[in-house]
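Report on the following structure.
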Amino acid sequence: MSTTVILVVEEITGTPMEELPLLERRVDIDALNELFEPRAAGDVPDATGTLEFEYAGCTITVDSEGRVVAQRSFHEEPNDTSRKGEAAGK
């Protein structure tokens, strides 16, 4: 799921993945992946509902159906554009 978030933000912002801030500075990516990773047909998700957070100038909404929606934000985020290592994801 974390990889999907990064790819959606990359598409919306036009910022290459390598230049995006580390996602794990905004959200616990292990928890994000565990809770909202797409399941096999008929499997019951571990969690239902949505998670919303700010990342790279976007408001991200992830839901238990596996949908990721990103909208450009109109407020400033903390100035953290450092990138050390790769974005983790499953």
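The values are calculated or read from the model by the stated rules, or taken from the named source; none is laboratory data. Because the structure is predicted, anything quoted here is derived from the model rather than measured. In this analysis, Cβ positions are derived from the backbone assuming ideal geometry, glycine residues included, and neighbour counts consider all displayed protein chains.
Structure values in brief
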item: Matching residues, region 47-58, being assigned to a strand (DSSP E or B) and over 19 Å from M17 (Cβ atoms); result: T50, L51, E52
item: Every residue from region 1-24 that is of a type in the set (V, I, T) and in a helix (DSSP H, G or I); result: T3, T4, V5, I6, V8, V9, I12, T13
item: Those residues of region 1-24 which are farther than 16 Å from T61 by Cα and under 11 Å from the mean Cα position of the chain (by Cα), in sequence order; result: L22
item: Residue among V9, V27 that is surrounded by 14 or more Cβ atoms within 10 Å (Cβ to Cβ) and modelled with pLDDT of 95 or more; result: V9
